[in-house]
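The values are calculated or read from the model by the stated rules, or taken from the named source; none is laboratory data. In this text, all values refer to a predicted model and were calculated from it rather than measured experimentally. Cβ atoms come from the backbone with ideal geometry, glycine included; neighbour counts cover every protein chain shown.
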Ligand code: C2E
Ligand code: MN
Ligand code: MN
């Protein structure tokens, strides 16, 4: 029989008195023992954390019930994995309250659990058994997951003042262009300002960037990638875009074409744009393959006043080690890390760490691919202030979309 472990965290919907919590836990303990589920419930006066161990199907079924229980909200899955053996095997469903009513009380609804826990003390819980379940309880008891991060506002990092969103007209000469661009805004929903618009490559029949780029290879690919950006800049200039413009470039396009930066600067100037309005986005995976040449290209961009963003952070290989060596102006957290973050403990821990790290390094963070209000709420709380995603606006072909604030 395969055993599995599930840890979740949630917030009590009501203020609970100690005896009420004990009564509840006794009820849970009986319910869980019937299902061959063991574990532990911890309550800090505000939040619950529950560890459940038992047969996979039974846990899955129980968790479905738990998630719809009106006694708590903000249910976050912290851990969900197969285990070799139980941590709290003979403890039944132990229950402790920590920091209840100001004191460091530890109470329990289970006698055998009580005896063991009182002998050990909460600080020694880890020594009971160095399992992830016990370490997670320890982190919960210390409140590490609920630290508030104060991140400076993005305005501090912007050389150009952000401006309120204007009305845009569609460019009309686009039939002549070999490619199109869809524009998607990056927004600060608190100040209701647009930070920048990202230009996303589109084919004449709305083909995806991957499809278009796959038609080229070798130096032709890099030349096309670079030269297509003049149209992105052109459309942006035609629209009178007052904010920054982000373009995507393969690092190899900057590396293999010797005068790539000069080409961009020439178009920027001709179109009456400023180099400080331009952000070049590079995906982290591509950035590491050719180290020295990559730094050279980045240095040239920065020297020209163009900002550099690491795109899709967390989707590739380099991750934090890349940040140790190279600090971009902006970092965009990949949407795989963002999706469903409001109920995913590991994603929350990773994104908090990235936000804290970027805060220390003075890098502005954008969350990519936000699709739900709950994601935005969580991320705002964690100190992220810039967002890109379908929740605010889908990319609009050759134009600037309406923003759904
Ligand atoms: P990216 O730079 O990360 O761009 C964001 C992609 O995520 C876009 O897909 C956009 O449509 C999509 N997206 C935005 N918000 C959401 C959301 O809420 N949910 C979901 N599911 N998706 C969302 P797109 O336009 O297909 O672009 C894919 C990738 O192609 C881009 O990812 C970028 O890496 C690359 N790309 C785009 N334009 C160019 C270009 O001109 N040159 C190069 N080399 N690559 C480009
Ligand atoms: Mn991008
Ligand atoms: Mn991206």
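Mind counting the residues in the range 238-254 that are under 24 Å from residue 295 (Cβ atoms) and surrounded by fewer than 18 Cβ atoms within 10 Å (Cβ to Cβ)? Give the steps one after another, and end with the answer.
So the first thing to find is which residues in the range 238-254 are under 24 Å from residue 295 (Cβ atoms), and the list is 244-254.
From what is left, the residues that are surrounded by fewer than 18 Cβ atoms within 10 Å (Cβ to Cβ) are 250.
Summing the residues that are under 24 Å from residue 295 (Cβ atoms) and surrounded by fewer than 18 Cβ atoms within 10 Å (Cβ to Cβ) in the range 238-254 gives 1.
Output yes when any residue across the range 196-206 is within 13 Å of ligand 1 (Cβ to nearest atom), at pLDDT below 95, in a loop (DSSP other than H, G, I, E, B) and more than 25 Å from residue 328 (Cα to Cα), and no when none is. Yes, the range 196-206 contains at least one residue that is within 13 Å of ligand 1 (Cβ to nearest atom), at pLDDT below 95, in a loop (DSSP other than H, G, I, E, B) and more than 25 Å from residue 328 (Cα to Cα). The residues in the range 190-209 that are crowded, with 21+ Cβ neighbours inside 10 Å and under 20 Å from residue 267 (Cβ atoms) can be counted, and the count is 5. The residue list 186, 235, 212 contains one member that is under 21 Å from residue 394 (Cα atoms), within 16 Å of ligand 3 (Cβ to nearest atom) and surrounded by 15 or more Cβ atoms within 10 Å (Cβ to Cβ), which is 186.
Quick check: is even one residue across the range 251-272 under 24 Å from residue 358 (Cβ atoms) and within 16 Å of ligand 3 (Cβ to nearest atom)? Talk me through it step by step, then tell me what you get.
Step one: of the range 251-272, the residues under 24 Å from residue 358 (Cβ atoms) are 251, 254.
The next check asks that each one be within 16 Å of ligand 3 (Cβ to nearest atom); those that pass are 251.
Yes, some residue in the range 251-272 is under 24 Å from residue 358 (Cβ atoms) and within 16 Å of ligand 3 (Cβ to nearest atom).
Residue 258 passes every criterion in (1) within 21 Å of residue 364 (Cβ to Cβ); (2) without any contact (Cβ under 8 Å) to a residue 40 or more places away in the chain; (3) not in a helix (DSSP H, G or I) apart from (1). As for the range 322-335, it holds no residue that is modelled with pLDDT of 90 or more, touching a strand residue (DSSP E or B) at 6+ places or on another chain (Cβ under 6 Å) and more than 16 Å from ligand 1 (Cβ to nearest atom). Only one entry in 305, 240, 272 is on the phi > 0 side of the Ramachandran plot and at pLDDT 90 or above, namely 272.
Out of curiosity, is residue 303 away from ligand 1 (no atom under 15 Å from the Cβ) and closer than 19 Å to residue 264 by Cα? When the stated conditions are applied, residue 303 passes them.
Look at (1) closer than 21 Å to residue 219 by Cα; (2) at pLDDT 85 or above; (3) within 13 Å of ligand 1 (Cβ to nearest atom) and you find that residue 286 fails only one, number (2).
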